[in-house]
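Here is the structure we will look at.
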Amino acid sequence: MSWRLFELMLWAAGYTVLLSGISIVIGLGLGLLVCAAKLSPNKALSLPATLFISFFRGVPLLVQLLLIYNLLPAVGIMVPSVVAAVVGLSLCTAAYQAENLRGGFNSVPRGLIEAAEMVGLSPFQQLRRIRAPIALRLTLPALVNEAILILKASSLISIVGVIELTRMAQNLAASTYKPLLFYSVAGGLYLVICWTVAGGGSILERMTKAGRT
């Protein structure tokens, strides 16, 4: 394989990481909001959050991408395919991250909340200083795992016309008649990316544990 073709594969790998990273960050922010709504005693908030989580966890990502890609133009919103892809990935991961975070928030010791109430912290201060940091620390392994899953699932966005790593491998394999070579390179690049994310997550987990000691 020539260096030029390998450069194309590297570019596609970087583009995959970029789109996945954007989706994960947006999904985490949206997941926090959905989690807060799900934990709310107000049914007007918790019910839509429950339906959101149920839909995006229950419908395959491929179907979600196709729905979003065709729905936006149908309602008069014309966006590039890459935007539709990021929206699809973000909504999907938000549902899973919301459930991960909900487990984390429910695991916060009740005694800490009662102590915060006794010293006069407002609900927002409790969330910012106690509940959110502890919940994020408890769910960090699950959030890192979700990031890896989204990186791998990003191969599906080629269905809406985005040239990411898998689609680039398909294109080069078709033009050079060397499918084994390019799919092997794509697999190796995915493996390196996921190892890197997993390693970064392990470092963060050790740092958070060290911060508590």
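Based on what the data block shows, is ALA94 among the aliphatic types (A, V, I, L, M), outside any loop (DSSP other than H, G, I, E, B), within 25 Å of LEU51 (Cβ to Cβ) and at pLDDT 90 or above? So that I can check it myself, show each step before the final result.
Working: among the aliphatic types (A, V, I, L, M): yes; outside any loop (DSSP other than H, G, I, E, B): yes; within 25 Å of LEU51 (Cβ to Cβ): yes; at pLDDT 90 or above: yes.
Criteria met by ALA94.
For the range 46-64, the tally of residues that are in contact with a Lys or Arg (Cβ under 9 Å, 6 or more places away or on another chain), aliphatic (A, V, I, L, M) and farther than 18 Å from LEU149 by Cα stands at 1.
The residue list VAL79, VAL83, VAL17 contains one member that is out of contact with any strand residue (DSSP E or B) (no Cβ under 6 Å at 6 or more places or on another chain), modelled with pLDDT under 95 and either part of a helix (DSSP H, G or I) or surrounded by fewer than 13 Cβ atoms within 10 Å (Cβ to Cβ) (or both), which is VAL83. Taking the conditions (1) part of a helix (DSSP H, G or I); (2) at pLDDT below 95; (3) surrounded by fewer than 18 Cβ atoms within 10 Å (Cβ to Cβ); (4) more than 17 Å from the chain's Cα centre (by Cα) in turn, ALA37 satisfies each one other than (3).
Could you please find all residues in the range 160-180 being part of a loop (DSSP other than H, G, I, E, B), of a type outside the set (D, E, K, R) and more than 17 Å from ALA13 (Cα to Cα)?
TYR177
Being part of a helix (DSSP H, G or I) and farther than 21 Å from GLN64 by Cβ narrows it down to one of LEU191, LEU143, LEU151, so name that one. Reasoning before the result, please.
Details: LEU143 fails: farther than 21 Å from GLN64 by Cβ; LEU151 fails: farther than 21 Å from GLN64 by Cβ.
Just one listed residue meets the conditions, LEU191.
When the range 40-49 is examined, which residues are found to be more than 15 Å from GLN97 (Cβ to Cβ) and part of a helix (DSSP H, G or I)?
In the first step, residues of the range 40-49 are kept if they are more than 15 Å from GLN97 (Cβ to Cβ); the result is 40-48.
Residues satisfying the conditions are LYS43, ALA44, LEU45, SER46, LEU47, PRO48.
The values are calculated or read from the model by the stated rules, or taken from the named source; none is laboratory data. Because the structure is predicted, anything quoted here is derived from the model rather than measured. Glycine gets a Cβ as well: all are built from the backbone with ideal geometry, and neighbour counts include every protein chain shown.
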